[in-house]
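The values are calculated or read from the model by the stated rules, or taken from the named source; none is laboratory data. From a predicted model like this one, the values you see are computed outputs, not experimental measurements. Cβ placement follows ideal geometry from the backbone for every residue including glycine, while neighbour counts extend to all protein chains displayed. Surface areas here come from the heavy atoms of the whole protein model, side chains and all, with no ligands, DNA or RNA. Shrake-Rupley method; radii C 1.70, N 1.55, O 1.52, S 1.80 Å.
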Amino acid sequence: DAGITQSPRHKVTETGTPVTLRCHQTENHRYMYWYRQDPGHGLRLIHYSYGVKDTDKGEVSDGYSVSRSKTEDFLLTLESATSSQTSVYFCAISPDGMNTEAFFGQGTRLTVV
Amino acid sequence: GENVEQHPSTLSVQEGDSAVIKCTYSDSASNYFPWYKQELGKGPQLIIDIRSNVGEKKDQRIAVTLNKTAKHFSLHITETQPEDSAVYFCAASLTGNQFYFGTGTSLTVIP
């Protein structure tokens, strides 16, 4: 896999607790993305970053925040987890934006109980 | 925003046969159409892509066709092999950062 590490790989958390997922890359790519994958919905963009401290919202950003203080790290935070945020979360990276090849991490399975 | 529909949701073929997966999109301004393959427990991986100024692209056993007038694009896999079994996603993009994925097709190649 193209130098992308997601952590944790699996997490179970309780409703109302904050959760942070981490995406770490070693490719020095400019663009980083967070997607969620749910049955019947495919992959949906949550937030993306086009540089350090530069982020923007995606299709399903409500309830999520992100931060990128270093090129290599992109954090996704669920401020107060809800059961509807139970999903598999994927990080992706790209040198020039998603209309060139993007590389996905292996995913984080999050369960909110 | 863009709406991408993908059919069929499941597809079973005999080894050696061809498989075709079809997607339609709603926004005529979309200009980039990638296809991703996702194996069990892994993240999606780009297998082929096509841009709006091209009608067809081929890479060994896989090909993608694009009909801009009808707003649909298709993935064709010939001489299927068991290792082609996976979930395939199409996607469409206008801006390069806002991507809209189809709901996926689970392909099973029967030996």
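Give me the Kirkwood hydrodynamic radius of chain B in Å, from all C-alpha pairs, to one decimal place?
That comes to 13.9 Å for chain B.
Once both labels are modelled 7 Å past Cα along the beta-carbon direction, what's the B:Val20-B:Asn3 spacing in nm?
Each label point is offset 7 Å from its Cα along the Cβ direction, giving 2.4 nm.
Under 22 Å Cα to Cα from B:Lys68, which lysines show up? Leave out anything in the same chain fewer than 8 places away.
B:Lys22, B:Lys57, B:Lys58
Can you list residues from other chains, or at least 5 along the same chain, whose modelled amide H is less than 5 Å from the amide H of B:Leu94?
B:Asn31
Give me the residues in segment B:31-62 whose solvent-accessible area, probe 1.4 Å, is reduced by at least 40 Å² once all protein chains are included instead of the chain isolated.
Relative to the lone chain, where solvent access is computed with a 1.4 Å probe, segment B:31-62 loses at least 40 Å² at B:Tyr36, B:Pro44, B:Leu46.
Could you please state how large a percent of the accessible area of chain B is carbon and sulfur, counting protein chains only and using a 1.4 Å probe?
In chain B, the share of accessible area belonging to carbon and sulfur is 47 percent.
Taking the C-alpha atoms of segment A:56-101, how large are the radius of gyration and the largest Cα-Cα span, Dmax, in Å?
Looking at segment A:56-101, its Cα Rg and Dmax stand at 12.4, 34 Å.
Express in nm, to one decimal, how much length is gained between A:Arg109 and A:Asn28 on full extension, taking 0.36 nm for each residue of separation and deducting their alpha carbon distance.
26.6 nm
Am I reading the A/B interface right? What is its buried accessible area, both sides, 1.4 Å probe, to the nearest 100 Å²?
Buried area (both sides, nearest 100 Å²): 1700 Å².
Roughly speaking, what is the stretch gain from B:Lys71 to B:Leu40, that is 0.36 nm per residue apart minus the C-alpha to C-alpha distance, in nm to one decimal?
Using 0.36 nm per residue and subtracting the Cα-Cα distance, I get 8.2 nm.
Roughly what would the spin-label model give for A:Thr86 and B:Thr10, points 7 Å off Cα along C-beta, in nm?
The modelled label-to-label distance comes out at 2.2 nm.
Using alpha-carbon positions, what is the distance between the centroids of segment B:15-78 and segment A:1-49, in Å?
25 Å
If a/c stays under 1.5 just call it rounded; otherwise compare a/b with b/c (prolate if a/b is bigger, oblate if not). Do that for the protein assembly as shown, with a ≥ b ≥ c from the square roots of the Cα gyration tensor eigenvalues.
prolate
What FRET efficiency comes out for the pair A:Lys11/A:Asp56, r = Cβ-Cβ distance, R0 = 25 Å, nearest 0.05?
Plugging the Cβ-Cβ distance into 1/(1 + (r/R0)^6) gives 0.50.
When the Karplus curve 6.51 cos²θ - 1.76 cosθ + 1.60 is applied with θ = phi - 60°, which whole-Hz ³J(HN,Hα) does each residue of segment A:4-17 get, with x for Gly and Pro?
With coefficients 6.51, -1.76 and 1.60, one gets 10, 10, 9, 9, x, 7, 9, 8, 10, 9, 9, 3, x, 8 Hz.
Using a 4.7 Å cut-off between beta carbons, which cysteines in the protein assembly as shown end up with no partner cysteine at all?
That list is empty.
Under a Cβ-Cβ cut-off of 15 Å, what is the net charge of the residues other than B:Ser52 that fall near it, where Lys and Arg count +1 and Asp and Glu count -1?
0
Skip the ligands, DNA and RNA, and give the accessible area per residue of the protein assembly as shown with a 1.4 Å probe, whole Å².
Computed with neighbouring chains in place, this is 47 Å² per residue.
Using just the C-alpha positions of chain A as equal point scatterers, what log10 of I(q)/I(0) does the Debye formula give at each q in 0.09, 0.17 1/Å?
-0.20, -0.73
Per residue of segment B:8-24, what does 6.51 cos²θ - 1.76 cosθ + 1.60 with θ = phi - 60° give for ³J(HN,Hα)? Whole Hz please, x for Gly and Pro, Karplus curve as stated.
Ordered by residue, 3J(HN,Hα) equals x, 7, 9, 8, 10, 9, 7, 3, x, 7, 9, 10, 10, 10, 10, 9, 10 Hz.
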